[in-house]
1. Using Cα pairs under 8 angstrom and six or more residues apart, how large is the relative contact order of the chain, in percent?
2. Based on the Cα gyration tensor of the stretch 284-413, what are the three equivalent ellipsoid semi-axes, each the root of five times an eigenvalue, rounded to whole Å and given largest first?
3. Quick check of the Kirkwood formula: for the stretch 194-257, what is the inverse mean of 1/r over all pairs of different Cα atoms, in Å?
4. List the pair-distance distribution P(r) of the stretch 178-332, using every Cα-Cα distance, as the percent of pairs falling in each 5 Å bin from 0 up to the bin containing the longest distance, rounded to whole percents.
5. Compute the distance in nm between two label points, each set 7 Å from the Cα along the Cα-to-Cβ direction, one at Arg84 and one at Gln274.
6. Please pull out the direction-averaged projected area of the chain, using the convex hull of its alpha-carbon atoms, in nm² to one decimal place.
7. From the Cα gyration tensor of the stretch 45-104, with a ≥ b ≥ c the square roots of its eigenvalues, which class applies: rounded if a/c is under 1.5, or else prolate if a/b is larger than b/c, or else oblate?
8. Considering only DSSP beta bridges where both residues belong to the chain, give the percentage that are antiparallel (nearest 5).
Amino acid sequence: MPALFLFLLPLLLPSLGASTAEDICIVGGGISGSSTAFFLTNNTAPTPARLRVFERRDRVGGRLATVSVAGDNFEAGGSVIHPRNLHVRRFADLLGLAARDDDEGDDDWLGIWDGGRFVFRTLRPPPPGSSWLRRRLHSLANSLLLFRRYGFSLLRMDSFVQEMLQKFLLYYNGFESRPVFDNVEEMLKWSGLYGLTQRTLQEELIHAGLNSQTISELVTVITRINYGQSVSISGLAGAVSLAGSESGLWAIKGGNWQLAAGLLKAASATLHLQEGIDSISDAGDYYVLKSNKGHEYNCTVTVVATPLDEVNISFTPPISIPPRKMQHTHATFVRGLLNPKFFGLNSVSDIPELIGTMEVPDIPFSSISVLKKHSEHDMTYKAFSRAKLDDSLLDQIFSTREETIRINWPAYPHYHAPEDFAPIILDGKQLYYVNSFESAASAMETGAVAAENVARLIISRLPRAGLLLLSEEDAGGPPEPHMESFAGEEDSRCIDL
Ligand SMILES: Cc1cc2nc3c(=O)[nH]c(=O)nc-3n(C[C@H](O)[C@H](O)[C@H](O)COP(=O)(O)OP(=O)(O)OC[C@H]3O[C@@H](n4cnc5c(N)ncnc54)[C@H](O)[C@@H]3O)c2cc1C
């Protein structure tokens with residue numbers, strides 16, 4: 001029996017949840033956790049450490065997920081990618097993930113609702129299949145309409161966003177000119193973005209010369225759509241939010257969650273699905289992670305890749321992070337038809353396809369947009385709101401509802417200014433927190449940027465750093481990971497929420 005037992009032991013160990021103290025363990029299988037795994041493996045020479053990723057749900061992606069409404073799939077959480085989100089672009093290219101054909105966000109038919117009327121509307125889009133010239137003229141006419149109402153504030157808003165983007169682009173500099181950061185404040189100060197986190201968006205925009213009408217209408221509509229919050233958010237979160245209304249936005253065909261799935265696969269991470277981590281205890285040279293399946297894992301390095309604000313992980317010894325509230329966004333998907341009377345209109349065809357709202361207390365939703373037009377009398381909509389839209393309210397807003405799906409997201413931090421930041425190294429040792437950077441701004445790309453820094457920080461602080469890290473200089477340029485294309489593979493973990 002002893003010989004047989006020894007022979008079987010390696011086979012038994014993983015199923016019992018045992019691990020060596022060589023493991024690098026990541027808690028959270030969203031874009032932050034999966035890109036940490038990717039950067040750890042793709043910036044390094046082969047390492048004996050095993051990469052374990054724990055995901056409490058039965059699928060990866062976290063706040064990147066699709067929802068099925070009457071047979072069609074739509075993004076339920078993080079939906080659009082900015083053209084200058086270079087990590088996500090590179091991930092998609094490496095993983096062979098294509099962009100969706102119908103780019104969201106370009107030239108929407110926007111209406112700004114103040115609770116009683118549309119204070120501003122762009123022009124109804126030309127019918128599908130219209131000529132290039134007609135579409136160009138339509139776009140030009142809309143620009144003129146916007147200019148007539150908001151004037152030069154539009155240009156000032158654009159400069160404000162471009163200036164932020166220029167600074168953000170520094171996070172893609174080569175390693176030789178980009179330090180590794182052990183706290184978010186230094187990371188933001190280095191790029192020149194820290195100041196934006198210390199004043200509200202409203203203060204920043206007034207300083208930039210925007211008029212009050214542009215701030216209370218256009219800017220407010222955008223911050224309410226993208227972060228469910230007002231212009232009192234920090235200037236940096238606000239600038240990121242405004243960038244999310246630019247043209248050229250795109251999304252992954254089949255769902256953005258595939259980024260996380262592909263990155264974990266590329267990193268050859270051992271994925272523990274439906275295994276939540278309940279506690280993380282310092283055991284000297286390593287951490288003991290206890291899971292809700294009763295398993296224990298010994299991890300030399302532990303990375304927390306989820307916001308800690310609403311999860312219940314107990315830390316021994318306790319950690320100290322500044323209090324942060326998550327802004328809940330209720331995403332309500334409806335297949336049916338809006339009620340024109342609710343908007344004081346006679347026909348549903350007069351209702352803009354993207355309804356943005358001003359900061360007026362009685363307005364029950366932040367936005368309603370058409371996701372798909374099945375026919376003139378049958379559409380799929382997405383509504384964002386700060387509180388649940390109950391049936392009686394939905395029955396006023398919609399004249400018909402065939403299907404309704406509600407998702408309550410702990411969506412992003414509730415931003416304020418001045419913003420304060422949790423440490424990246426939670427205990428001064430080998431316990432890291434990727435989502436401390438989310439207090440700067442929440443997006444797929446900010447998750448990836450934070451993850452890359454954490455991966456470099458881990459590598460630089462491991463005793464065997466020399467073994468692990470191949471610098472760009474050594475490698476003769478940025479590392480080129482060799483990966484297969486995973487696009488089109490069946491993945492049973494894509495579930496409808
Ligand atoms: C409605 C909505 C719209 C958005 N729109 C956009 C957009 O258009 N563009 C954009 O770039 N971003 C957008 N975002 C933001 C973007 O989705 C997030 O910033 C990003 O997905 C966060 O990724 P993450 O990996 O940091 O966190 P998460 O995606 O939250 O991942 C954390 C993971 O950790 C898991 N977990 C938590 N606790 C434990 C535990 N104890 N043990 C194991 N696992 C655990 C969770 O289940 C989750 O899967 C949007 C978000 C929402 C909600």
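1. 27 percent
2. 44, 16, 11
3. 12.4 Å
4. 2, 7, 10, 13, 15, 16, 15, 11, 6, 4, 2, 0
5. Result for the modelled spin labels: 4.4 nm.
6. Orientation-averaged projected area of the Cα hull: 25.6 nm².
7. oblate
8. So the antiparallel bridges amount to about 70 percent of the total.
None of the figures in this text is laboratory data; all of them are computed from the coordinates on show. In this text the structure is predicted, and so the values were computed from the model without any measurement. Here Cβ is always computed from backbone atoms with ideal geometry, including for glycine, and neighbour counts include all displayed protein chains.
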